Every structure is written in structure tokens, then in C-alpha cells.
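Student: My questions all concern the structure below.
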Amino acid sequence: MKRLLLLLAMTLTITSLIGQEKPIGIVIHGGAGYMNQANLSEAEIEAYEKKLNDALSIGYTILLEGGTSEEAIVAAIKTLEDSPLFNAGKGSVLCNEEIAEMDASIMLGKTLNAGAVAGVQLTKNPITAAQIVMTKSPHVILSGKGADEFAKKSGLAMEKPAYFITEQNLERIKLLKSEDKSEVEPTLPIDKRKNGINDLKFGTVGAVALDQNGDLAAGTSSGGMANKKNNRIGDSPIIGAGTYANNQSCAVSCTGHGEYFIRLAVAHEVSALMIHRRWDLDKAASYVIHQELENLGGKGGLIAMDRQGNVSMPFNTSSMFRAVKTNQGLSEVSIFK
Ligand code: ASP
């Protein structure tokens with residue numbers, strides 16, 4: 001009997017210790033779009049899933065080891081920027097002048113500190129440039145040449161414009177230009193186009209995370225929209241549109257047709273609905289994507305996380321590259337609905 005009671009006491013202690021474990025977790029995305037099993041081969045699916053998994057593990061390990069949510073999201077986003085599979089860093093889609101002009105931003109939920117770069121052409125990892133704008137300058141957004149120069153002076157890795165350009169994106173921009181089409185104003189229903197996977201996805205990357213201190217962070221990095229006008233700025237570097245984090249509500253990173261995300265201030269809208277209407281994370285995130293964005297005619301999705309480690313990943317396209325890992329039992333890498 002005594003033994004039984006002891007066993008019961010031990011079980012209760014362990015259970016309550018597990019129950020008290022502070023929630024930590026990371027969610028990443030690699031863009032929303034119209035990928036389906038018919039236009040994505042098994043090998044492509046495997047490659048995308050592997051890279052998402054790599055980025056997720058790198059970020060999650062940092063959190064497990066007591067690193068900050070800022071460190072976790074930057075490491076995860078850098079991994080995706082370095083992969084030509086995604087529309088960020090190497091592999092960015094090209095603007096009308098056939099160069100990569102990249103946008104990125106980061107925000108911390110504890111301090112509301114934020115940093116962003118728009119239209120950088122030479123910084124190897126635009127997310128790290130956004131990070132140093134936040135930490136080493138008095139500003140929130142730097143653009144173009146000045147942003148690249150600041151990154152270079154701060155000792156960040158730089159590359160030649162050719163580094164960012166993939167064969168596939170070069171073919172794609174030539175095709176879009178020859179047909180006088182852009183993804184900003186598609187002339188064919190996007191899911192009917194037959195120009196391959198790269199014509200069917202937005203491909204921006206992003207991450208949100210919650211660390212052991214209970215602090216949230218969000219970051220997004222993008223080459224923007226293929227065949228965009230030179231110097232066009234999307235939602236990804238706009239704090240409140242493509243990225244937002246606030247410890248009072250949630251961390252959000254978006255992907256999709258940026259012009260719509262800017263006009264709805266999508267990322268901030270999710271946070272505002274949680275704070276002012278006291279909605280839970282999933283209700284707020286789903287409402288913004290499936291009601292507000294949908295009603296305006298915009299397409300895309302977002303990933304979001306709150307301080308309890310709850311996760312929401314709504315999208316109104318047919319697919320979104322996404323992955324999540326938390327110590328509350330969530331572990332998933334998915335592409336399709
Ligand atoms: N949101 C990005 C932009 O409009 C595109 C994307 O998500 O891929 O620049």
C-alpha cells in the first residue's frame with residue numbers, strides 16, 4: 001500500500017512538472033501558392049520537406065538550448081534564404097529589370113523593437129540586415145543602396161547580384177515579360193498556369209517563435225513578386241503588414257499578394273483582434289485570412305504563435321509550405337491542405 005502511494009505521489013509530481021514546462025516552439029513557412037500533387041514531383045516534395053525540416057530543427061534546437069526567439073527565427077530564415085528552393089535570398093524571384101530586389105523584416109514581442117530592409121540587392125541574408133537595422137541603427141526601415149551599404153559596413157556577408165539568380169527564375173522572368181504578365185496582376189487564373197512550380201507559389205519565407213523567457217519574435221524574408229516593377233516594395237518589410245510581434249498577443253509572418261496584405265495591415269490586424277476583441281489566436285488569424293483578405297480579393301496565408309505556444313497557419317490558396325515544432329506536442333511539416 002505504502003509503495004502504491006509513493007508511486008502515485010511520484011506520478012503526480014512528474015505530471016505537474018511536465019504541466020509546468022514552459023511552452024516553447026517555432027513555426028516556419030516557405031510561401032503559399034497553388035502547388036498540388038500534380039504539379040510537384042515526389043522528389044520536389046521531398047526536397048522542400050527536407051529543407052523545411054532542416055530550418056525547423058535549427059530554430060527549435062536554439063530554443064531548447066535556452067536561446068532567444070530572435071536567434072531561433074533568424075537562424076531558421078537564414079537556412080531558407082540560403083536554399084534556392086524558396087523566394088528569399090538565393091532563389092529570389094526577379095523584378096522586371098531581371099535582378100533580385102529583396103525585402104526582410106524582424107520584430108520582437110517583448111520590446112516592440114523592429115527592423116527591416118527593402119530592395120537590397122547584395123546582402124547575402126536580408127534577414128540579418130533587418131536584424132542589424134533593429135539592433136545597430138536608430139531606424140526601423142532602410143532601403144536600397146543605403147541598406148546594402150549599412151549591411152556591408154556592419155560586416156554582414158555580401159554577394160554579387162548573380163549569386164541570387166537561379167536559372168529557373170531567369171527563364172520565368174523572360175517568359176512573364178514576353179507574355180507581358182506579372183504575378184502582381186495575373187492574366188490567367190493562377191491555378192491554371194502551366195509554367196511549373198515557380199509560377200504557382202509566392203515562396204516568401206518566414207518564422208515565428210516563442211522562447212523560454214516567454215518572448216515572441218517574428219521575421220519574414222522575400223524576393224517579392226516575380227516581374228514586379230523595379231523598386232516595388234511588398235508587405236514583407238512592412239512592420240504590421242508582413243510581420244508583427246507583441247508579447248501581449250502573438251507573433252505573425254505573412255506570405256501572399258503583398259499589396260493586399262499592406263492595405264489590410266494583416267499581421268497587426270491579427271494582434272489587434274486578440275487584444276481588443278479578446279479573440280483567441282486561431283479565431284483572429286483565420287478571420288483575417290478567410291474573411292478580410294478573401295473579401296478584398298487577396299491570396300496568401302500566415303503563420304502565428306501566441307505566448308501559450310498555440311499555433312495558427314491559415315491560408316486561402318490551395319497550399320502553403322509550413323512546419324511547426326513545439327514542446328507542447330505539435331510537430332508537423334506540410335505543404336497541401
Ligand atoms: N508577400 C510577398 C510580396 O508581396 C510575396 C510572397 O509572399 O511570396 O512581396
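Student: Sum up the charges of everything whose Cβ sits under 14 Å from the Cβ of Thr326, counting Lys and Arg as +1 and Asp and Glu as -1, but leave Thr326 out. Show your work: numbers first, answer last.
Tutor: Details: positive: Lys22, Arg307, Arg322, Lys325; negative: Glu21, Asp211, Asp306, Glu332.
Computed value for this residue: 0.
Student: Express the carbon and sulfur contribution to the solvent-accessible surface of the chain as a percent, rounded to the nearest whole number, probe 1.4 angstrom. Write out the running numbers ahead of the final one.
Tutor: Details: 7860 of 14620 Å².
Of the solvent-accessible surface of the chain, carbon and sulfur hold 54 percent.
Student: Please give the solvent-accessible surface of Ser178 in Å², to the nearest 10, using a probe radius of 1.4 Å with every protein chain present.
Tutor: Per-residue accessible area (Ser178): approximately 90 Å².
Student: Same structure, new question: Can you give the convex hull volume per residue for the Cα atoms of the range 30-137, as a whole number of Å³?
Tutor: Working: hull volume 13.3 nm³, N = 108.
Measuring per residue, one finds 123 Å³ for the Cα hull of the range 30-137.
Student: Next question, about the same structure. Under a 1.4 Å probe, what is the accessible area of the chain per residue, stated in Å²?
Tutor: Numbers: 14620 Å² over 337 residues.
Counting only protein heavy atoms, the per-residue value for the chain is 43 Å².
Student: Another question about this same structure. What Kirkwood hydrodynamic radius, in Å, does the range 240-301 give when the mean of 1/r is taken over all pairs of distinct Cα atoms and then inverted? Don't jump to the answer; show the numbers that get you there.
Tutor: Values: mean 1/r = 0.0901 Å⁻¹.
Taking every pair of different Cα atoms in the range 240-301, averaging 1/r and inverting gives 11.1 Å.
Student: Going down the list Lys90/Lys228; Lys50/Lys337; Lys299/Lys337; Lys124/Lys299, which pairs span over 23 Å between their C-alpha atoms?
Tutor: Values: Lys90/Lys228 17 Å; Lys50/Lys337 18 Å; Lys299/Lys337 15 Å; Lys124/Lys299 28 Å.
Checking Cα-Cα distances, Lys124/Lys299 exceed 23 Å.
Student: Debye sum, Cα scatterers, the range 222-337, no solvent: what log₁₀ I/I(0) at q = 0.10, 0.14, 0.16, 0.19 1/Å?
Tutor: Normalising to I(0) and taking log10 leaves -0.28, -0.54, -0.70, -0.97.
Student: May I pose another question? Based solely on its DSSP helices, what 222 nm [θ] is calculated for the chain when runs of n ≥ 4 H residues each add -39,500 (n - 2.57) and the sum is averaged over all residues, nearest 500 deg cm²/dmol?
Tutor: Numbers: 10 runs with 118 residues, N = 337.
After summing the helix terms and dividing by the residues of the chain, the value is -11000 deg cm²/dmol.
Student: What is the Cα convex hull volume of the chain when expressed per residue in Å³?
Tutor: So the per-residue hull volume is 139 Å³.
Student: Now a separate question. By how many nm would the segment from Glu171 to Lys22 lengthen if fully extended, with 0.36 nm per residue of separation less the alpha-carbon distance?
Tutor: Computed gain between Glu171 and Lys22 is 48.8 nm.
Student: Of His268, His139, which has the most accessible area and how do the rest follow, probe 1.4 Å? Can you show the working numbers first?
Tutor: Values: His268 75, His139 100 Å².
Final ranking, largest accessible area leading: His139, His268.
Student: Dipole of the chain (Lys/Arg Cβ +1, Asp/Glu Cβ -1, origin at the Cα centre): which of Met225, Leu112, Leu56 lies farthest to the positive side?
Tutor: Farthest towards the positive end: Leu112.
Student: From the mean inverse distance of alpha carbon pairs (Kirkwood) and the Cα radius of gyration, derive Rg over Rh for the range 112-167. Could you put the intermediate results ahead of the total?
Tutor: Working: Rg = 10.9 Å, Rh = 11.1 Å.
Ratio of gyration radius to Kirkwood radius: 0.99.
Student: For Asn230 and Gln248, compute 0.36 nm times the residue count separating them, minus their Cα-Cα distance, and round to one decimal in nm.
Tutor: On the way: separation 18, 0.36 × 18 = 6.48 nm, distance 3.73 nm.
Full-extension gain reported as 2.7 nm.
The values are calculated or read from the model by the stated rules, or taken from the named source; none is laboratory data. Just so you know, these numbers come straight off a predicted model, no measurement behind them. Virtual Cβ from ideal backbone geometry, glycine too; neighbours counted across all protein chains shown. Note: areas computed on protein heavy atoms with side chains; ligands, DNA, RNA excluded. Shrake-Rupley method; radii C 1.70, N 1.55, O 1.52, S 1.80 Å.
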